[in-house]
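Beneath this line is the structure, given in structure tokens, with notes to follow.
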Amino acid sequence: MNIAAWVSLLIAGIFEVVWALSMKQSNGFTKLWPSVITFLAMWVSFAFLSFALKSLPLGISYAVWVGIGTLGITIMSFVWFKEPLSAFQIGCIILILTGIVGLKVQGN
């Protein structure tokens, strides 16, 4: 089991959330600092994903990376931007989380 690769993948996913949130705040890249944060967070996210890909399979890594981003953005959009979440959407988010955990457990 490669803990460093999985931790790197988690960090990459977290920075995916950061860049997506800051992109929203950049207002179409018309605001300087949110735009700068977007590009820096993208670079960090891709760098950590690239490190994880040295040890983990591409398909699994990409699915987990996108899953972390999807979960994080959905939750943060609900909390920060007050976007609505239905019971069905919450159920689907739980399925995504279950899939991520399953891929990690199976992938060791």
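The values are calculated or read from the model by the stated rules, or taken from the named source; none is laboratory data. What you see is a predicted model, and the numbers here were worked out from it, not measured in a lab. Here the Cβ positions follow ideal geometry from the backbone for every residue, glycine too, while neighbour counts run over all protein chains shown. Side chains included, ligands, DNA and RNA excluded: accessible areas come from the protein's heavy atoms. Shrake-Rupley method; radii C 1.70, N 1.55, O 1.52, S 1.80 Å.
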Which lysines, if any, have their Cα less than 30 Å from the Cα of residue 54, not counting same-chain residues under 8 positions apart? 104
Sorted largest first, the C-alpha extents of region 38-94 along its principal axes in whole angstrom are 38, 25, 9
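Do you know the relative contact order of the chain, to the nearest whole percent, from alpha carbon pairs under 8 angstrom that are 6+ apart?
32
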Under a plain spin-label model, where a point goes 7 Å from the Cα along Cα-to-Cβ, how far apart in nm are residue 86 and residue 30? 3.2
Looking at the chain as a GNM with Cα springs under 10 Å, which of 61, 22, 86 has the largest mean-square fluctuation? 86
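With the other protein chains left in place, how much accessible area per residue, in square angstrom, belongs to the chain at a 1.4 angstrom probe?
Computed with neighbouring chains in place, this is 62 Å² per residue.
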Probe 1.4 Å, all protein chains in place: accessible area of residue 10 in Å², nearest 10? 90
On the accessible surface of region 50-108, probed at 1.4 Å with all protein chains in place, carbon and sulfur together account for a percent value of 75
Need one value: the accessible area of residue 78 in square angstrom, 1.4 angstrom probe, rounded to the nearest 10. 100
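Can you sort 55, 8 by 1.4 Å-probe accessible area, starting with the largest?
Descending order: 55, 8.
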Taking only the Cα positions of the chain, the convex hull volume per residue in Å³ is 93
